[in-house]
Amino acid sequence: MALSALSRMVGRNQAYLGQFVSRGSPRVLPERERRMLADFLAIDEALLGAPTPPDDVVAVPWLAVKAAAGVGQVPDERVLRTERLPRAALRGAGVAPEAASVIAVTGESMAPTLRDGDRLLVDASARRLAARGGIYVVRRGDTVLVKRLVPHGDMVEIRSDNPLWPVEQVPLAEIEVIGRATLLLRRL
């Protein structure tokens, strides 16, 4: 895609990004435009001049993975960009920065708890199912799902919060727990 088309995409005149690349004007892209471009190009905002996060902010990798709240999707596990989250939010969620990642939810099987387009903070160090269960991101075969899991010995109950979706009982060995969903990131 040409720079002129990208300029129009962010709501600027067609020479805007050409001037940014060739002349360095503006010196820094505004956050909204930088984020739109990073999302569209599937790159980290740092490549477009995003400032380094201060010490009280953690740059958490936002993966291209879409955890299906539905039948599942084959994952694309590249890092799209980083999501800057306050260190206190990670501490409050009980997630170590090195175990944290952000992924998107797609589908409606976990509604109303999780909606299509929501983002989740996933704790990859929490791969062991809690005795009373919880919401986890799991790999089942070639697909990645986000579901409510309840362990029953060597079996696991896979539940959707949407009552229209069936409850499944499968051997625990059939799934790989990627991590626990610890924080819902929803844009209002």
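All of the numbers you see were taken from the coordinates with simple rules; none came from a lab. Not measured: the values here are computed from a predicted model. Every residue, glycine as well, gets a Cβ built from its backbone with ideal geometry; the counts of neighbours run over all protein chains shown.
Observations on the model:
- 0 to 90° range, to nearest 10: angle between helix 31-41 axis and the chain longest Cα axis: 70
- With at most 12 neighbouring Cβ atoms within 10 Å, loop trypsin sites (Lys or Arg not before Pro) (DSSP) excluded, longest segment of the chain: 133-185
- Between the amide H of SER109 and those of ALA69, GLY70, distances stay under 5 Å, these residues lying 5 or more places away or on another chain, with hydrogens modeled in the peptide plane.
- Cα gyration tensor shape for region 3-48, rounded if a/c is under 1.5, else prolate or oblate: oblate
- Residues with amide H under 5 Å from that of ALA126, placed H, sequence gap 5 or more: ARG180
- Assuming charge only on the beta carbon of Lys and Arg (+1) and of Asp and Glu (-1), the dipole of the chain about its Cα centre is about 600 debye to the nearest 20.
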